[in-house]
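To start, the structure itself, in structure tokens.
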């Protein structure tokens, strides 16, 4: 009973962070499942996949209704990522637990650095916009929609500035790209991006929103909102593949704890979402970077020194 209550409380806490900061829940779920709920690292990566899958399935219909899902591009990208997902899942099962957590901590630190650079750049852009307008109005932009659903691995505000022009139009409806407007992606770039996405998803048990969205923008030339919605389709296929690839291994999924955690996280996401509506994108991005850096430090210290 105590474990169930802890799973609910921790799940809600992670969900609030996800909703407020747009942070990737898969990135946060693995260390939480290991260090707070006492799961084996390999089991935690599998449980994280289940959590990401459930929330992505719940959120996809909404984004589909908003026409933010590019089905053809998403299916092609996801299809290529399957190979990486299978390979990553099999490799993950073979890697010792301490090594897996160490690599996970290094990945967290790397993502934190990237987010920090994005946040500093976004803050600089906001300052330039304020100077250009000669007022402070630009420093308090209209509410930014981080994501519409409590998706564990949805992109946060840190990703908004990566799409051309979006940082000048927060909160406005984005017109869909005409087929001729999107740049022609290079096959090699698409294959490399999709394979890396699948590999990270399978190996670390993360949904990959932090990597899928920029990959879709860069490799396929999708607009930001389309990339955000399409990433859900990619994550669903990649996580299903990664879970199936673990069949026959010694990985065990604690379904009770996992499903309770997922439900708590979804509830927390609903609570946390409104917290971000009046915050500047750069502030949310910097908070996300600080959070990831903190989790990275804890993960590496717990794994290497204790």
Practice problem: Please state which one of 60, 100, 116 is closer than 20 Å to residue 227 by Cβ, surrounded by 14 or more Cβ atoms within 10 Å (Cβ to Cβ) and under 20 Å from the mean Cα position of the chain (by Cα). | Solution: 60
Quiz item: Looking at this structure, is residue 275 at pLDDT below 80, buried (at least 22 other Cβ atoms within 10 Å of the Cβ) and more than 28 Å from residue 87 (Cβ to Cβ)?
Solution: no
Quiz item: Applying the selection to the range 119-151, what residues are assigned to a helix (DSSP H, G or I) and either buried (at least 18 other Cβ atoms within 10 Å of the Cβ) or at pLDDT below 50 (or both)?
Solution: 119, 122, 126, 137, 138, 139
Quiz item: Which residue, of 219, 238, is within 23 Å of residue 93 (Cβ to Cβ) and either touching a residue at least 12 places away in the same chain (Cβ under 8 Å) or not in a helix (DSSP H, G or I) (or both)?
Solution: 238
Quiz item: Is the range 204-223 home to any residue that is at pLDDT 85 or above and either out of contact with any strand residue (DSSP E or B) (no Cβ under 7 Å at 6 or more places or on another chain) or buried (at least 24 other Cβ atoms within 10 Å of the Cβ) (or both)?
Solution: yes
Quiz item: Restricting the search to the range 70-97, which residues are surrounded by 23 or more Cβ atoms within 10 Å (Cβ to Cβ) and farther than 18 Å from residue 42 by Cβ?
Solution: 74, 77, 78, 81, 84
Quiz item: Looking only at the range 24-33, which residues are closer than 15 Å to residue 4 by Cα and buried (at least 24 other Cβ atoms within 10 Å of the Cβ)?
Solution: 33
Quiz item: Looking at the range 284-305, which of its residues are in a helix (DSSP H, G or I) and surrounded by fewer than 22 Cβ atoms within 10 Å (Cβ to Cβ)?
Solution: 286, 290, 291, 293, 294, 297, 298, 300, 301, 302, 303, 304
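The values are calculated or read from the model by the stated rules, or taken from the named source; none is laboratory data. On a predicted model such as this, the values are computed, not experimentally measured, just so you know. Neighbour counts are summed over all protein chains in view; Cβ atoms, including those assigned to glycine, are modelled from backbone coordinates with ideal geometry.
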